[in-house]
1. So residue 46 clears everything in (1) surrounded by fewer than 17 Cβ atoms within 10 Å (Cβ to Cβ); (2) in contact (Cβ under 8 Å) with a residue 24 or more places away in the chain except one condition, right? Which one?
2. Test of understanding: among 205, 199, which residue is within 18 Å of the chain's Cα centre (by Cα), part of a helix (DSSP H, G or I) and either free of Cβ contacts under 8 Å to residues at least 12 places away in the same chain or farther than 18 Å from residue 130 by Cα (or both)?
3. Given the conditions (1) out of contact with any helix residue (DSSP H, G or I) (no Cβ under 7 Å at 6 or more places or on another chain); (2) surrounded by 16 or more Cβ atoms within 10 Å (Cβ to Cβ), report the number of the one that residue 249 does not fulfil.
4. Do we have any residue at all in the range 216-229 that's more than 25 Å from residue 18 (Cβ to Cβ), part of a loop (DSSP other than H, G, I, E, B) and touching a residue at least 12 places away in the same chain (Cβ under 8 Å)?
5. What are the residues in the range 149-183 that are closer than 19 Å to residue 133 by Cβ and out of contact with any helix residue (DSSP H, G or I) (no Cβ under 7 Å at 6 or more places or on another chain), if any?
6. Please state which of the following conditions residue 203 fails to meet, knowing it meets all the rest: (1) surrounded by 13 or more Cβ atoms within 10 Å (Cβ to Cβ); (2) over 17 Å from residue 105 (Cβ atoms); (3) touching a strand residue (DSSP E or B) at 6+ places or on another chain (Cβ under 9 Å).
7. Look at residue 267 and say whether it is loosely packed, with under 14 Cβ neighbours inside 10 Å, in contact with a strand residue (DSSP E or B) (Cβ under 8 Å, 6 or more places away or on another chain) and not in a helix (DSSP H, G or I).
């Protein structure tokens, strides 16, 4: 992978770090390819039981598309009569979103600074967001005459409701970490100096947990948002049978009976 995205696996936790702090972790092509590859690798690796998405530097989590690179690519498209530049949504952003949201394991985002555009979108792909008190969020898209991508049109209304999502999308503005917490964008708000330690603590706890059950919970919630009650009940039956057949379920029940702390295997 490129140096613009760091990837490390330790004790079942895959840590993906956006590493362009000098550019506020903006997404140039190299970074998009590396993030896509890292997200897909973490999602597919059976040895990875949780994913932590974070970023280097203090100023930004990710400010979205690298507009300096983007404007040059648009000029090249105009000269050649093509629209290749906008294929980045299909080639890069969509696979990243699918890998993070569809990963059969918990995904934690540690938002250290500004999360704008696609950066905001990627943070929303996480199951749990820990946010520094100095962070800020901005949808940004309408401000550069674009529509939402990076899964934001799917995730943002589900997190804060369609009315509030429309407000933030149609009238882009910077919202503080406190407002993000009040809206439900941030699950946990911490001092910036404590962000990395707190995020690792949460992610490692999830990596040591019942992975099959976590995967089923992710699938159940996503399914229930778009299906009827009867369909959702059938899905719950299916997923509960899967979780109940896991080794971790037996371990958890035995530990409960013995008044011990369970040591899960992730299967």
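1. (2)
2. Values: 199 fails: either free of Cβ contacts under 8 Å to residues at least 12 places away in the same chain or farther than 18 Å from residue 130 by Cα (or both).
Exactly one residue qualifies, and that residue is 205.
3. Condition not satisfied by residue 249: (1).
4. yes
5. Here is the first cut: in the range 149-183, the ones closer than 19 Å to residue 133 by Cβ are 173-183.
Result: 173, 174, 175, 176, 177, 178, 179, 180, 181, 182.
6. (2)
7. no
Rundown of residues vs (1) farther than 28 Å from residue 129 by Cβ; (2) outside the structural domain of residue 197 (by TED's automatic domain parsing); (3) part of a helix (DSSP H, G or I), yes/no style:
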position	(1), (2), (3)
40	no, no, yes
43	no, no, yes
47	no, no, no
51	no, no, no
74	yes, no, yes
87	yes, no, yes
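The values are calculated or read from the model by the stated rules, or taken from the named source; none is laboratory data. Values in this document were obtained by computation on a predicted structure and should not be read as measured data. Cβ sites come from the backbone with ideal geometry, for glycine too, and all protein chains shown count toward neighbours.
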